[in-house]
Amino acid sequence: MSETILNVQGLTVDIPLAAGTLQAVRGIDFELKRGETLCIVGESGSGKSLTSLAVIGLLGKRLKVGASKLEFEGRDLRSLTRKQMQALRGDRMAMIFQEPMTSLNPAYTIGDQLAEALQLHRKVSKAEAMARAADLLGKVGITAAESRLQQYPHQLSGGLRQRVMIAMALMCEPDLIIADEPTTALDVTIQAQILRLLADLKREMNLALILVTHDLGVVARIADKVAVMYAGEIVESGTAKEIFDAPSHPYTRGLLDCIPVPGKTRPGEPLGSIPGIVPSLIGDVSGCAFRSRCVLARETCSGRIPKRSASGEHTYRCIQETLVSEVA
Amino acid sequence: MLAFALKRLGLAILVTFTVSVISFSLLHLSGDPATSLAGENATAADIAAISRQYGFDRPLTVQYTDWLWKALHGDFGESYYFKLPVADLIADRLSITMTLGICAISFALLTAVPLGVAAAVRPNSVVDRTALFLSVAGQAMPSFWFGLVMIVIFSIKLRLLPASGSETWRHFIMPTVVLGYYAMPAIMRLTRAGMLEVLNADYIRTARAKGAGAGRVLFKHALRNAIVPVVSLSAVQMGFMLGGSVVVEAIFSLHGAGYLAWESIGRHDLPTVQALILIFSCFYILFTLLSDLANAWLDPRIRVG
């Protein structure tokens with residue numbers, strides 16, 4: 001067994017609003033080992049981005065984060081001071097964001113911004129930091145790295161900027177990288193390149209990777225483990241194979257039905273869709289949050305929903321005793 | 001950067017040239033200068049004589065080039081009223097106005113920018129409310145009234161500061177505060193608005209994700225991007241302060257260039273007015289040029305295509 005990098009149990013994020021408390025993340029558990037890729041999948045508003053921001057400690061002060069366990073490399077993140085958390089951020093854990101076009105500071109060169117990431121955490125000279133930056137730019141597939149260092153973000157394309165963001169995340173050789181929809185803003189060919197790059201880097205540097213996405217195609221390509229989030233909960237989690245082969249929660253099933261399968265989906269045949277919208281999470285939420293959109297919903301769905309084990313680490317939250325994949 | 005600077009410099013020179021033509025034309029737009037100089041009871045012969053003496057009988061282009069050539073060498077002719085060289089007359093006055101202008105804009109920037117940043121960091125907090133109150137008060141209070149109140153308090157009641165004159169640095173304290181407070185609200189509000197926008201930007205989150213501390217995020221990553229419009233505004237304010245500080249100069253009896261311009265207009269002292277307009281405009285152009293260059297340095301998107 002390789003070492004556990006991140007252990008999250010019962011993570012909650014509450015957003016106080018005028019109308020009441022919005023329970024955006026409602027008690028989620030996951031564990032991540034070195035060398036593993038966890039994909040957190042879900043639609044907009046499912047709480048997947050909030051989850052990743054909560055782990056790295058970048059949520060606004062207004063948002064309340066709770067957890068029964070929030071351990072990073074054996075250290076309890078909840079007990080760390082702001083300064084200690086700051087020392088960890090960018091060093092041991094790094095983050096890549098969705099919008100490469102706006103995630104780099106327009107006022108500074110690529111080199112300055114990359115070097116800063118290293119110099120904030122290591123006592124190195126600017127020249128040493130720049131050398132490492134050039135080295136990493138090469139590693140993330142940017143040619144003429146030396147001259148790129150002198151350029152400003154607005155001189156680079158979206159794909160290049162996302163590579164720069166990845167290089168920035170790697171500057172201190174972190175143990176954990178959280179990538180929040182890193183390919184959403186990029187066009188399809190670039191998406192594939194960036195995903196391959198992330199997968200290669202993860203293997204090469206033996207780090208843990210959390211990839212937040214709404215794109216199951218991305219998941220299929222890169223994930224070791226998958227956590228499907230719906231309305232602030234993980235409704236199903238397991239290995240990528242388990243999730244794709246035997247989706248056990250109606251929501252996961254619905255998500256998979258939305259994707260055309262080459263050779264199986266005939267041209268012209270309508271793709272699946274999930275009717276309805278994500279319910280409001282303001283105030284007390286009870287029962288299964290998916291029941292208003294679920295084809296298999298029963299009266300008991302408004303009660304307590306057990307966490308069931310399908311096989312091994314594969315778990316799901318549903319009132320149905322038999323696997324959905326067998327029922328449908 | 002060099003190409004950008006040269007382009008801006010070229011533009012500035014063109015604008016200066018245009019302004020020089022306009023300020024030269026003023027003399028002739030306000031009627032025949034010889035007639036107005038000669039006075040009401042002058043004969044046609046008197047007027048012709050004056051016209052010859054001052055060179056008004058020459059073609060306009062010749063007069064203009066002659067005037068410009070002399071102006072470039074610091075010779076703005078002789079004041080009709082004081083019978084003194086305009087250049088000497090202005091030199092003293094201008095140093096007072098410049099001192100006041102620089103002190104006032106510095107005062108405005110040094111109070112407005114930190115206050116704007118603090119207000120943006122905690123919107124709707126006590127600091128933000130206080131800053132809003134100060135800026136509304138500054139905008140609403142006429143400077144002549146604020147100046148008089150300051151004189152009543154600090155000169156008459158407390159006897160701390162001199163009420164008029166320009167002999168020592170202490171004479172400049174109240175005028176600086178009054179004039180600076182006039183410019184402060186706009187700078188403060190613009191800093192606040194800029195910072196609020198920039199602090200929500202994705203690259204600020206990136207900086208925090210790198211592990212940068214609050215101060216570094218605020219001043220290195222945010223302020224540099226938020227300050228660009230503030231620089232432009234300050235240049236305009238500074239230009240305004242040079243020519244528009246008449247009221248403040250009058251209240252505190254600072255005989256500055258603004259006050260001189262106002263007096264000279266009343267006295268039909270055209271060479272002085274011409275020279276002052278040209279000088280004020282040149283300073284205005286200079287400040288704009290400097291702010292353009294400063295902004296190009298701050299924001300690479302302006303200088304690198």
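The values are calculated or read from the model by the stated rules, or taken from the named source; none is laboratory data. It should be emphasised that the depicted structure is a prediction, and the values quoted were computed from it without experimental measurement. We place every Cβ from the backbone using ideal geometry, glycine too, and count neighbours over all the protein chains shown. Accessible surface is based on the protein model in full, side chains and every heavy atom, while ligands, DNA and RNA are left aside. Shrake-Rupley method; radii C 1.70, N 1.55, O 1.52, S 1.80 Å.
The table below lists the values:
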read-out: Any hit, the range A:277-287, residues being in a loop (DSSP other than H, G, I, E, B) and on the phi > 0 side of the Ramachandran plot; value: yes
read-out: Test: residue in the range B:232-247 that is on the phi < 0 side of the Ramachandran plot, open to solvent by 10 Å² or more (accessible area, probe 1.4 Å) and either within 14 Å of chain A (Cβ to nearest Cβ) or of a type in the set (Ser, Thr, Tyr) (or both); value: yes
read-out: Some residue of the range B:118-130 being within 24 Å of B:Gly239 (Cβ to Cβ) and either surrounded by 15 or more Cβ atoms within 10 Å (Cβ to Cβ) or aliphatic (A, V, I, L, M) (or both); value: no
read-out: Residue list for the range A:110-136, restricted to those being within 8 Å of another protein chain (Cβ to nearest Cβ) and either assigned to a loop (DSSP other than H, G, I, E, B) or hydrophobic (A, V, I, L, M, F, W, C) (or both); value: A:Ala117, A:Leu120, A:His121
read-out: Residue that is at pLDDT below 95, within 10 Å of another protein chain (Cβ to nearest Cβ) and open to solvent by 60 Å² or more (accessible area, probe 1.4 Å), where the choices are A:Glu146, A:Glu99; value: A:Glu99
read-out: Qualifying residue in the range B:183-190 (condition: touching a helix residue (DSSP H, G or I) at 6+ places or on another chain (Cβ under 9 Å), open to solvent by less than 60 Å² (accessible area, probe 1.4 Å), within 14 Å of chain A (Cβ to nearest Cβ) and part of a helix (DSSP H, G or I)); value: no
read-out: Subset tally (residues that are within 13 Å of chain B (Cβ to nearest Cβ) and open to solvent by less than 60 Å² (accessible area, probe 1.4 Å)) for the range A:55-84; value: 7
read-out: Test: residue in the range A:194-203 that is in a strand (DSSP E or B) and either charged (D, E, K, R) or open to solvent by less than 20 Å² (accessible area, probe 1.4 Å) (or both); value: no
read-out: Any hit, the range B:78-101, residues being more than 18 Å from B:Val273 (Cα to Cα), part of a helix (DSSP H, G or I), under 14 Å from the mean Cα position of the chain (by Cα) and among the small types (Gly, Ala, Ser); value: yes
read-out: Test for B:Leu37: is it within 26 Å of B:Cys282 (Cα to Cα), open to solvent by less than 60 Å² (accessible area, probe 1.4 Å) and in a helix (DSSP H, G or I); value: no
read-out: Residues that are of a type in the set (Ser, Thr, Tyr) and either at the interface with chain A (Cβ under 7 Å from one of its Cβ atoms) or open to solvent by 50 Å² or more (accessible area, probe 1.4 Å) (or both), drawn from the range B:191-214; value: B:Tyr203, B:Thr206
read-out: Check on B:Gly116, within 29 Å of B:Trp262 (Cα to Cα) and in a helix (DSSP H, G or I); value: no
read-out: Residues within the range A:37-58 that are within 24 Å of A:Leu198 (Cβ to Cβ) and either more than 13 Å from the chain's Cα centre (by Cα) or in a strand (DSSP E or B) (or both), tallied; value: 7
read-out: Long-range neighbours under 6 Å by Cβ, at least six apart or interchain, first residue within 14 Å of another protein chain (Cβ to nearest Cβ) and among the small types (Gly, Ala, Ser) within the range B:285-301, second in a helix (DSSP H, G or I) and buried (at least 17 other Cβ atoms within 10 Å of the Cβ); value: B:Ala294/B:Val231; B:Ala296/B:Arg303
read-out: So B:Phe146, is it in the same structural domain as B:Leu254 (by TED's automatic domain parsing) and open to solvent by 70 Å² or more (accessible area, probe 1.4 Å); value: no
read-out: Some residue of the range B:170-188 being without any contact (Cβ under 8 Å) to a residue 12 or more places away in the chain, basic (Lys, Arg) and out of contact with any His (no Cβ under 7 Å at 6 or more places or on another chain); value: yes
read-out: Tabulated pairs, the range A:176-188, first crowded, with 19+ Cβ neighbours inside 10 Å, second in a loop (DSSP other than H, G, I, E, B) and aliphatic (A, V, I, L, M), C-beta under 8 angstrom, 6+ apart or interchain; value: A:Leu176/A:Leu207; A:Ile177/A:Leu207; A:Ala185/A:Met101
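Residue-wise test of (1) open to solvent by less than 60 Å² (accessible area, probe 1.4 Å); (2) outside the structural domain of B:Phe280 (by TED's automatic domain parsing); (3) at pLDDT below 85.
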position	(1), (2), (3)
B:Asp32	no, yes, yes
B:Leu68	yes, yes, no
B:Leu84	no, yes, no
B:Leu94	yes, no, no
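For (1) more than 30 Å from A:Gln119 (Cβ to Cβ); (2) within 14 Å of chain B (Cβ to nearest Cβ), each residue gets a yes or a no:
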{"position": "A:Asp180", "(1), (2)": "no, yes"}
{"position": "A:Thr183", "(1), (2)": "no, no"}
{"position": "A:Ala199", "(1), (2)": "no, no"}
{"position": "A:Arg203", "(1), (2)": "no, no"}
{"position": "A:Ala208", "(1), (2)": "no, no"}
{"position": "A:Thr213", "(1), (2)": "yes, no"}
{"position": "A:Pro247", "(1), (2)": "yes, no"}
